[in-house]
Structure formats: C-alpha cells, structure tokens
Amino acid sequence: MQSPRHLVSIDDLSLDEIRSLFEHADHFAADPRGFADTCRGMITASLFYEASTRTRLSFESAMLRLGGGILTAAEMRTSSASKGESLADTVRVVGGGYADAIVLRHSSEGAAQLASEFSPVPVINAGDGAHEHPTQTLCDLYNLHVERGHIDGLEVVLAGDLKYSRTVHSFAYALARFNANIICVPQPGFEMPKYVLQRLSDEFGVEPLRADVRKLGDLAGSSDAVYLTPQKPHQLSLFTDLSDWQVQSVDAVYMTRPQTERFGEGDLSDTQYMRLEKRSMDADSLRDAVVMHPLPRRDEIDSDIDNDPRSIYFKQAARGVPIRMALLATLLGKIQLAGKPPKVQRQVWPVVAGSNPCPNPSCISRTEPRHVTPKFTLRSRTPLVAHCAYCSRELVFRFVGCSTSKHYHAPDSRELQKVLPDHLVFLPDEGSAQALAYSKAHA
Ligand code: NCD
C-alpha cells in the first residue's frame, strides 16, 4: 500500500502546489455550496488535545461543504488519553477504519510528525505546541495572495510573541520561500527563537539585518527589530547601510497574542504588551498595509480599527474554509494539484545510543518516550550540528561517538566527517562516553 501524504510542516508543500491550492480555493470560495459531492462518503477526524475555535471549525466546515462527514474529538484530554493511551496508539485506531484523514492539534512539539509515522491515513498538523501550524500559514498566504495578488517581494511585519507563536514560525518559513521580506518586531523577551532563525538561514539563505523601524510609529516600541531577507546579498548591496535597514513601506502587519499557555519560568514580561491602535495605523509606512491576526486576539489590536478597511483579520479567518477545502480534497485524493511535491526530502536518522539529546522538555520525544525513537537531521558536519527531527531544536551534546569504532570526538573534529550518520552517537559528557565503553579518539 502506498504511504499516505501528510502535512506536518509547511515545507511539505512545494510553492507550485501552494499556488495550485490557491486556485482551487478561489473556486471553492466562489461557490461554497457547489462542491458537495467532492468528498462524499469520506470522513475526517478532528483530534484536538488543545483548545481551538477557528482551526477545528473551519476544517469541519470545509469537510461538510465537500460532502464528507466528520468525527470530532475536541476534548482529547477527556478521551482515553486520560487513561494513558499514547498518541501513537490513538492515531492507529482512528486511522484504522474510523476516518480517512486525521486533523491533529497537540501541545507537544513534533506530535504531528510522530502521528504521521504511525497513522495509516493522512495526518494534518493543526498546531503542534510552539512549533508549526502549516494550515494557518496556508490561510495566511492565501490572504496575501487575495489581497495583494502576489507574495514575492512583499514586506511583512511579524509582531508580538514571536517566541511561542507557531503560526509565526510556519509563516516565516513560507514567506522566505516565496521571497518575501520579514520585519520581526517582537515583544521584548519574545524574539524569534534561534532554531527558527537558523533554519531560515540554512534552508532559505535568509540573513538577519538590524531593522530601523522608527517609521513604524507605535509598533516600533521594540528596539530588537530584525529584518529578514531571502534576497541575495548582491541585491542588498545596492543599498547603503546594511546594518540598519530602513523600513519604508509595509504590505502587511501580522499581529499575534501573547501565548501565555506556553510561558515558562522567566517569560513573564513586566513591560506592557504591544498594541495596534488607531493612531498606530497613521504611520506613513502603514498607509497601504493590511492588518492580519490568526486570532484569537486579546488586547493587542484595539477594536477601534476593526472597521478600518485595512483590517482583514475576520476575512482572513473566513478564507480558512476554502483553503482547507482545497487541502482536504487534495490529501483525500479528490483533486490533483498542478506542480510537483517538494524535491528534497529531509534526511532523518535514529539516535542509536545514549540518552535523548533533544533539550526541549515539550518535544514529543520527551513527552511520549515509549513510542518515540529520537531522530535527528544534520545541519553541518564540521562542527557537527544536528537538530531534533521532531521539534527542530538543536541537539545538545559535548562529544560525538562512532558506534563501530567506539571512539568519541569533540563536535568540531574533522575525523567525524568519516563517520556515517547511522553510526553517530551523541554524548552529553565524557562520563557518559566512558559508561557506554567509548574511548577518546587520538587527534
Ligand atoms: C493560533 C494557534 O492556535 O496557534 N490560532 C489559530 O489557529 N487561529 C494562534 C493563537 O492561538 O494565538
């Protein structure tokens, strides 16, 4: 049997496929009641281990509009999960005859990746902890496409809690691929995480520059603004001062709420959270900007600007239905996208020995260790840098062993180049190396 196609990360779709999803979404949006035979007889299951309004209801509305049926487990904490059932077992059961696709929201980073390894039917990531939210990104991109007609070259401000907002992380990866520029205006203390910046730089060639955001009026409360551009350095060199990028004109402001449910120790900021108000929108640079928000909002967008024609957050939520119709119909095999799937599949290897080197306590490899063999991807060989294949965080280790020679090395040793990824062993310290009977390699 062919293995099903999942949507775990926004990177699982090529740009051509995303453009093709937009086209299908346009048809669905133009005639929402005209496609009620598309998925007749099929069922999706919503497995939600975390709260949701828009994502779950728009998915369910999308499936019903396509003529399919839905199973809703909106309170998974009261399901057999409360009896200790694992996510891996749950998706095997639900995908083994109950439903033709699973829409999953979970509080652990990497949960959708794990589910995709066990589910016989497509798994759609509807948010995994603070990691990714690819279908919100499809919705956000679709909104830019409808409002602006293109994404390439747009100047997009990402504002608020950039540390824990999964919508921001997936959106940033996609914007970079579409060659849009990103202006990060974080709430102080809630900057874009290093692992996200690293991936933007490694995979999409995005280099951060310091941004001068004085022209953003009120929004410029943060002094840590960063300009992320996927454009090639030779294009940038046309401009004079690269270290202080002047933000002239913005196409979209994407505001986010503080993700208080994910705050850890030390995250409680005593500075007031940023707020977009009527007078903020008077800034010259925002004259033509649309205001977006994945919602729910708290106080970060004043309701005074709800009627401003630039505020599109409610339209944005409504457009979540046609774009999810397009995605469901695709993954259920009812429509074919123009364009090929992404070429490069990330290479992943299991961690063969030692303890789990993933430092993230809310990674699924830590919250569900019974079913997960920690896995890694390699970013660089010298020095050896590896990321957790579930939550994307950089792995923490001081030494690396070779499981065949039983020697261990410092991560910057050139000798490690010769070790096959299958044989790499991540060692937190020399004590654990010796406990596993590894001896120090001679330089
Ligand atoms: C977002 C989420 O769940 O990450 N909501 C959504 O899906 N529209 C944003 C949020 O909760 O702040």
10 Å binning of all Cα-Cα separations within the range 349-440, expressed as whole percents from 0 upward
18, 53, 26, 2
For the range 349-440 the mean separation of alpha carbon contacts under 8 Å (6+ apart) over residue count, i.e. relative contact order in percent, is 30
Calculate one ³J(HN,Hα) per residue across the range 100-110 by plugging θ = phi - 60° into the Karplus curve 6.51 cos²θ - 1.76 cosθ + 1.60, and present them in order as whole Hz with x for glycine and proline.
9, 7, 10, 9, 10, 10, 8, 7, 8, 5, x
Could you state the accessible area per residue of the range 257-301 in Å², with a 1.4 Å probe and every protein chain left in place?
58
Any chance you could check the Cα centroid distance between the range 323-344 and the range 90-169 for me, in angstrom?
15
Which order do THR78, THR229, THR53 take by accessible area at a 1.4 Å probe, largest first?
THR78, THR53, THR229
Karplus-derived HN-Hα couplings along the range 308-319 (A = 6.51, B = -1.76, C = 1.60, θ = phi - 60°), whole Hz, x at Gly and Pro
5, x, 6, 7, 10, 4, 7, 5, 4, 5, 5, 6
Relative to the present Cα-Cα distance, how much length would full extension add between ASP37 and THR382 at 0.36 nm per residue of separation?
118.7 nm
Cross-link reach list, lysines versus LYS163, counting only Cα pairs under 21 Å and skipping chain neighbours closer than eight places
LYS194
Computed about the Cα centre, the charge dipole of the range 349-440 from +1 Lys/Arg and -1 Asp/Glu charges at the Cβ has a magnitude in debye, to the nearest 20, of 120
Quick calc, the chain, dipole around Cα centre from Cβ unit charges on Lys, Arg (+) and Asp, Glu (-), nearest 20 debye, gives 1180
Gyration tensor on Cα atoms of the range 135-316, a ≥ b ≥ c root eigenvalues, a/c under 1.5 rounded, else prolate if a/b beats b/c, else oblate, says rounded
Strictly under 4.7 angstrom between C-beta atoms: which cysteines of the chain have no such partner?
CYS39, CYS139, CYS184, CYS402
Have a look at ALA180, MET274, ILE10 and report the one farthest towards the positive end of the charge dipole of the chain, computed about the Cα centre with Cβ charges (Lys/Arg +1, Asp/Glu -1).
ILE10
Taking amide H positions as placed in the peptide plane 1.01 Å from N, state which residues far from ARG210 in sequence (5 or more) or on other chains have amide H under 5 Å from it.
TYR227, TRP245
For VAL291, other-chain or 5+-apart residues with amide H closer than 5 Å (H placed, Pro excluded) are VAL253, SER311, ILE312
As a test of understanding, state the convex hull volume per residue of the chain from its alpha carbons, in Å³.
162
Quick check on the chain: of the DSSP beta bridges with both residues there, what percent are antiparallel, nearest 5%?
40
When the chain is fully extended, how far beyond the present Cα-Cα distance does ALA318 get from LYS83, taking 0.36 nm per residue of separation?
81.0 nm
Quick one: compute the contact order of the chain, relative version, from alpha carbon pairs under 8 angstrom and 6+ residues apart, as a percent.
16
Using a 1.4 Å probe, how large is the accessible area of THR271, given in Å² and rounded to the nearest 10?
70
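The values are calculated or read from the model by the stated rules, or taken from the named source; none is laboratory data. Predicted, not measured: the structure shown is a model, and the values here were computed from it. Here Cβ is always computed from backbone atoms with ideal geometry, including for glycine, and neighbour counts include all displayed protein chains. To get the accessible areas, we keep the full protein, side chains included, count just its heavy atoms, and leave off ligands, DNA and RNA. Shrake-Rupley method; radii C 1.70, N 1.55, O 1.52, S 1.80 Å.
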